[in-house]
Amino acid sequence: MLKRAGVPLKPEEYILFKWMMILLGTILSYLIIRSLLILPVGAVAGYYSLKVFIRTKEKKRVQKFNQYLPEMISSIVNALRAGFSFFQAMKNIAEEAPSPTKEELDMMLKEMQYGATVEESFMRMKERVPSDDLDLMIQAILIQRQVGGNLAVVLEKIVHTIRERIKIQGQIKTLTAQGKLSGMVVAFLPAALAGMLQLVNPGYMTVLFTTPIGIGMIAIGFISMIIGFFLIMKITNIEV
């Protein structure tokens, strides 16, 4: 997970940061609400905050990789038609590619120089970058190496497929933008209104934080907002 997100942390360091976030979430929740009943909520929020951060960085990293992938494959096709070997084509692309494509190609080339086969290097790269488009390219290259054929023609077809998929994904993103905005409103509007009421009339909402029934209502409302947010995100997340 850390490698996929491009985060330079060791697993033990990640676990240490997770415990620190649990402690920080617990302390902040108590300082804000001044109730021991809210401590489990703060601990859970701290526990998942770091994981959400890592998952978000992983998603952004894969998106950046996918954005450059069609251009990378096109460069491979042009290099192969110009007479370069596959290794030379990948090396030339690695020198000009942006991050994170450059880092992944450099690592793959180093593995090949140290004795790993093309298949092994590509499979490790696939583990570090969970991209369906990259998987399509890797499978085509591995099949071509086994059965033969014109790799340039195969990769050219894959580039066309990937670009059409990106085009469709952009259209779907536009059509589902309103639904995703509704999910954001469901998640953040109640909290924003509560914060405004607390600023305008601090004593108006005190009962919610000082009585067991009020704290229970807050917990139920918080859980309901999370469920509603994830349901809307699930509905508007269309796989292509």
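The values are calculated or read from the model by the stated rules, or taken from the named source; none is laboratory data. What you are looking at is a predicted structure, and each value in this text was computed from that prediction instead of being measured. Note that each Cβ is placed from the backbone with ideal geometry, even for glycine, and that neighbours are counted across all protein chains shown.
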**Prompt:** Which condition does residue 7 not pass, out of (1) in a helix (DSSP H, G or I); (2) at pLDDT 85 or above, if it passes all the others?
**Reply:** (1)
**Prompt:** When the stretch 164-178 is examined, which residues are found to be under 13 Å from residue 235 (Cβ atoms) and over 20 Å from the mean Cα position of the chain (by Cα)?
**Reply:** 175, 178
**Request:** Six or more apart or on different chains, Cβ under 8 Å: which pairs go from a residue in the stretch 212-224 that's at negative phi to one that's outside any helix (DSSP H, G or I)? Could you list them?
**Result:** 215/35
**Every pair of residues 6+ apart whose Cβ atoms lie under 8 Å, when the first sits in the stretch 185-208 and is within 12 Å of residue 33 (Cα to Cα) and assigned by the TED database to the domain that holds residue 224 while the second is of a type in the set (Val, Ile, Thr) and surrounded by 10 or more Cβ atoms within 10 Å (Cβ to Cβ)** = 208/215; 208/218
**Prompt:** Quick one: is residue 170 surrounded by 12 or more Cβ atoms within 10 Å (Cβ to Cβ) and at pLDDT 80 or above?
**Reply:** no
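Which residue, of 216, 149, 228, is modelled with pLDDT under 85 and assigned to a helix (DSSP H, G or I)? Walk me through it before giving the result.
Working: 216 fails: modelled with pLDDT under 85; 149 fails: assigned to a helix (DSSP H, G or I).
Of the residues listed, the single one that is modelled with pLDDT under 85 and assigned to a helix (DSSP H, G or I) is 228.
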**Message:** Within the stretch 60-74, does at least one residue satisfy the condition of being crowded, with 17+ Cβ neighbours inside 10 Å, over 19 Å from residue 161 (Cβ atoms) and over 15 Å from the mean Cα position of the chain (by Cα)?
**Reply:** no
**Prompt:** What tally of residues in the stretch 82-104 results from selecting those that are surrounded by 13 or more Cβ atoms within 10 Å (Cβ to Cβ) and either assigned to a helix (DSSP H, G or I) or without any contact (Cβ under 8 Å) to a residue 24 or more places away in the chain (or both)?
**Reply:** 13
**Asked** Does the stretch 77-89 contain at least one residue that is under 21 Å from residue 4 (Cα atoms) and either at pLDDT below 85 or in the same structural domain as residue 153 (by the TED database) (or both)?
**Response** no
**Message:** Return the residues of the stretch 105-122 that are under 25 Å from the mean Cα position of the chain (by Cα) and surrounded by fewer than 15 Cβ atoms within 10 Å (Cβ to Cβ); say none if nothing qualifies.
**Reply:** 120
**Search result, residues across the stretch 126-154 that are among the aliphatic types (A, V, I, L, M) and under 21 Å from residue 169 (Cα atoms)** = 129, 134, 136, 137
